[in-house]
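Quick notes on the structure that follows.
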Amino acid sequence: MYKHFLLTCAVIAACIIPTSLQAKKLEQLPHIFYVTIPVETAEGVIDISAQYRLPRNLTAKAPAVVILHSSSGVDSTGVFYAKALNKKGIATLEVDLWGGRDLLGGSEGRPSSPQETLNDAFSALDFLAARDEIDSNKIGVLGFSWGGVLSLLTSTNQYASLSLSGNRFAGHVAHYPVCWAYNAVPGFEFSDLTGSPVLIQTGELDDYDLPDTCSSLVNSLNEEDHSLVTLKTYKNAYHAWDRLEPEWIVEDPTSHLGTGGSVTLAPNKKVAKKSKRRVVKFFSELFFD
């Protein structure tokens, strides 16, 4: 009888406690919407899709971050950061750059240059800026590899001026953004910055670049632009360290200073956690301090 009583209490407790925990967890989860955004391209208007995540229980207009994927397309990377940003009260909009173009991603399934997708970034910015629940002056961008290129380009006056709406990103984060190409390859100018802060995060073992290409790029900037840029290089980190799928060796014709070759995409959970904290800190200080 006594054992039966204890068992009954345990069952009741098991029913009650998870319910309260589930309610608490539900409050922390964002509202998730799937949206389409029209984008003007050289071939005409296309519709790109995006996942829009809005924190719950907002008491004021929310800041937001546009998330731009790498050549491989939408994978685990974007949501890894989106979840952490959402918990801080920051909305996210993760854009699919390939689907609207009927592309599958990878080095053979992407546009010929990141510049062809610049309007995707600006259209995502405009989508957020037009929403009543978003603070149009507090919209940042976070990009990975291909998306990191877009994040850096949109931080320059040259490319920001292409935004017909006049909206500009308040802050830029670029992960492994192929640093060797900037100010060396036409169309990859990184200078005359808009004044918004820039965070570049790269890996010491990134074989898409050389170990010193990002630091050389930052050190080559004039004093005013240099003051806007923060660079963090992680030891024991390959290209796409925060892509948490299994290791993947890819062939990319634009790697190795443009000569092409094999690139290692290898996850590093320890580094990924560190880079995530730095991203959240960057945008939290930008939007809330």
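Any read-out appearing in this document is the output of simple, stated calculations on the displayed coordinates, not a laboratory observation. As the structure is a computational prediction, the values presented were derived from the model and not from experiment. Cβ sites come from the backbone with ideal geometry, for glycine too, and all protein chains shown count toward neighbours.
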Handout entry: Which of Phe283, Phe169, Phe33 has the fewest Cβ neighbours within 10 Å, and the rest in rising order
Key = Phe33, Phe169, Phe283
Handout entry: Distance between modelled label sites at Lys83 and Ser107, nm, 7 Å Cα→Cβ extension
Key = 3.2 nm
Exercise for the section: Sort out the exposed loop trypsin sites (Lys or Arg not before Pro) in the chain (DSSP loop, at most 12 other Cβ within 10 Å) and tell me the longest stretch that has none. Expected result: 57-234
Exercise for the section: State the number of lysine pairs found in the range 198-289 whose Cα atoms come within less than 14 Å, restricting to pairs 8 or more positions apart or on distinct chains. Expected result: 9
Practice task
Scan (1) 1.01; (2) 0.98; (3) 1.05 for the value of Rg/Rh (Cα atoms, Kirkwood Rh) calculated from this model and give just the label.
Solution key: (3)
Handout entry: Glu223-Arg56 FRET efficiency (beta carbon distance; Förster radius 30 Å; 0.05 resolution)
Key = 0.10
Practice task
With +1 on each Lys and Arg Cβ and -1 on each Asp and Glu Cβ, and nothing else charged, work out how big the dipole of the range 30-288 is about its Cα centre, in Debye to the nearest 20.
Solution key: 1480 debye
Exercise for the section: Could you work out which residue, out of Ala91, Ala240, Ala160, moves most in a Gaussian network model of the chain, that is, has the largest mean-square fluctuation with Cα springs under 10 Å? Expected result: Ala160
Practice task
Pull up the cross-link candidates among the aspartates and glutamates for Lys61, meaning alpha carbon to alpha carbon under 18 Å and not fewer than 8 places away within one chain.
Solution key: Glu27, Asp126, Asp132, Glu133, Asp135, Glu285, Asp289
Problem - Additional length obtainable on full extension of the chain from Ala184 to Leu257, 0.36 nm per residue less Cα span - result: 25.3 nm
Handout entry: Among Val280, Leu142, Ser113 - extreme Cα towards positive end, dipole of the range 30-288, charges at beta-carbon
Key = Val280
Handout entry: For the range 44-104 and the range 111-163, distance of Cα centres in Å
Key = 12 Å
Practice task
Extending each Cα 7 Å along its Cβ direction at Glu43 and Asn137, get the distance between those two points in nm, one decimal.
Solution key: 4.0 nm
